[in-house]
Every structure is written in structure tokens, then in C-alpha cells.
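What follows is a short report on a single structure.
The values are calculated or read from the model by the stated rules, or taken from the named source; none is laboratory data. Note that the structure is a prediction, hence the values are computed from the model and not measured. Glycine gets a Cβ as well: all are built from the backbone with ideal geometry, and neighbour counts include every protein chain shown. For accessibility, only protein heavy atoms count, side chains too; no ligands or nucleic acids. Shrake-Rupley method; radii C 1.70, N 1.55, O 1.52, S 1.80 Å.
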Amino acid sequence: MTSVEHRPQTNALITTLKRQLKASGKTYQDIASLLGLSEASIKRLFREGDLSLPRLEKICDGIGLELSELFQLMAHQQQQLQGLSREQEQEIVDDQVLLLVAICCVNGYKFQEIINQYTLEPTTLIKKLAALDRLKIIELQPNNRIKLCIAPNFNWLANGPIQNFFHSRIKEEFFQASFAKSSDNLLVANGLIANSSNAELQKRMQKLINEFTEYSRKDATLAMGERNGTMMVVAMRQWQPSLFKEHIKK
């Protein structure tokens, strides 16, 4: 059977359906009961994208959604921006005020919240927002309303200008802290593991980052005073401290 990873439209539809199930509070077990199947079977159907039209219709009925609405939601999400070109990212990095405003927008700041928190003149902020509008990251609406136009799976380019900018700051600043606050934590593990274990841990790392993103989206409804700028770094690599390398037998 063809894997869902090799069927982009099916993959997009299943992703949209999963989001709607989560929004409605439904679980795989709920869908299993609805379709008269086991939970394991439902997980397999979602993983392989093997959901027939009648089953899709029944699931949509169970969450109060028309099948046509599901396809419309999928189309809308596909139109959203998933990433920028290297040139576009470089344009943002070259203007650190623009980078600041871009990060604020991606994190759900409103116009007045940016003004309240940073020393930016309204006219300057409008110019930077107009630049982000041109890049399709946001839509600058009447009365300076900011509509975010990026897809849920939006990412900065791997090893691109913005990611490299933050990597340099992480090395210079992030790890200089004592991590003594109750809101901070630094965990380090070291050991010998197989490549298969490494691959499994990387999947869990991605899942943790996805959960962080979901919490960020969920908390976007809270007042700005109830949220704090937070960065989570999850990293793993095959590595030995350089001070040990001179003792390794060639």
C-alpha cells in the first residue's frame, strides 16, 4: 500500500482532519467507536491515508463538519506560507528591527502589544509590517490589524540565514545562564546508543517541539502579561569533548 508520505494531497487532507479532531476534542478511540473498528486500525488508516469517502463522511458527521468544509479547510491551509527563500530570510536578518517585528508577528503579537513592549515608533512599525506583508508572512489590515498568513508547519530554512543567526546567539548567550530559575531547566545525558535508538529519540524530540508549538498556539488567547518569551532547545549529536580526542587510539 502506498504510504501517505508519498501522496501529498492525501497527506494534507489527513493533517487537516487531525487538526479538526483535536479542535473538537475527539480521540482515535472516539473515531474507532464511531466506525466500529479498533483504535489500532484507526491509527493505521490515518498513518497510511487509507480512509474511504464513506468513512471520511462519517468522521466529519461525528465532529459536526461537512465533507466539503474539510476540503475547503485543506485548500486554505495549503495556500498559507510554509517558508521563505534564502534571499527573503537574508532580507529580514539584514534588518534587525524587521527581524524583531517578524518574530513578534510569528508569536502572535498585536500592533499595540509590540508598541507597548518595544521602543518602536508607530510609523516605523507600520513600515516593517508592510515589508512583512510584501513577504506574505502577514496581511496588514485596516486599523493596523495583523493577520498571520503562515501555515502551521511554517519553518525557517534549515541552515538558513535566520536559523544561523539564532544558532550564533544560542552559543553566545543562551547557555551562559545558570538555569537556576524554576522556569529554567538544562538536562544533559551522555552514553553509547545504537543508530536505531538515535532515530527513535529524534522522533520523540520532534514530537516535543511540536507540543511546544501547540502550547504556544493555545496560549495565544491569553493576555500578553500572562505569557513569557521562552526558547526551548532540543539537540542531540554524536560527539566527544575535544579534550578526550587526543587520547583516542588511531
Would you tally the net charge around T221, using a Cβ to Cβ cut-off of less than 15 Å, leaving T221 out, and scoring K and R as +1, D and E as -1?
-> 0
Gyration tensor verdict on the range 152-225 (Cα atoms; rounded if a/c is under 1.5, prolate if a/b is larger than b/c, oblate otherwise) = rounded
Among L208, L73, L222, determine the one that fluctuates most according to a GNM of the chain built with springs between C-alpha atoms less than 10 Å apart.
-> L222
Under a 5 Å amide H to amide H cut-off, with H placed in plane at 1.01 Å, what residues pair with I138 once short-range neighbours are removed?
-> D133, C149
Could you please state, rounded to a whole Å, how far the C-alpha centre of the range 106-154 is from the C-alpha centre of the range 168-183?
-> 28
Debye log10 I(q)/I(0) at q = 0.09 Å⁻¹ for the range 110-250, Cα point scatterers | -0.45
Long-range Cα-Cα pairs in the chain (distance over 22 Å), rounded percent = 68
Sites removed, the longest contiguous part of the chain containing no DSSP-loop GluC sites (Glu not before Pro) with at most 12 other Cβ within 10 Å is 67-172
Could you order R47, R227 by accessible surface area, starting with the largest, using a probe radius of 1.4 Å?
-> R47, R227
Which value in nm describes the separation of the simple spin-label points at S33 and K18, placed 7 Å from the Cα toward the beta carbon?
-> 2.3
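Ordering S196, S41 by how much accessible area each has at a 1.4 Å probe, largest first, what is the list?
S196, S41
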Pair T119, Q202: separation of 7 Å Cα→Cβ label points (nm) = 4.4
Gained length - V234 relative to L56, 0.36 nm times residue gap less alpha-carbon distance = 60.5 nm
P(r) of the range 66-190 over all Cα-Cα pairs, binned every 10 Å from zero, in whole percent | 11, 33, 31, 19, 6, 0
Heavy-atom surface of the chain, accessible at 1.4 Å and reported per residue (Å²) = 69
If you take the beta carbon distance between N143 and Q82 as r and set R0 to 22 Å, what does 1/(1 + (r/R0)^6) give as a FRET efficiency, to the nearest 0.05?
-> 0.20
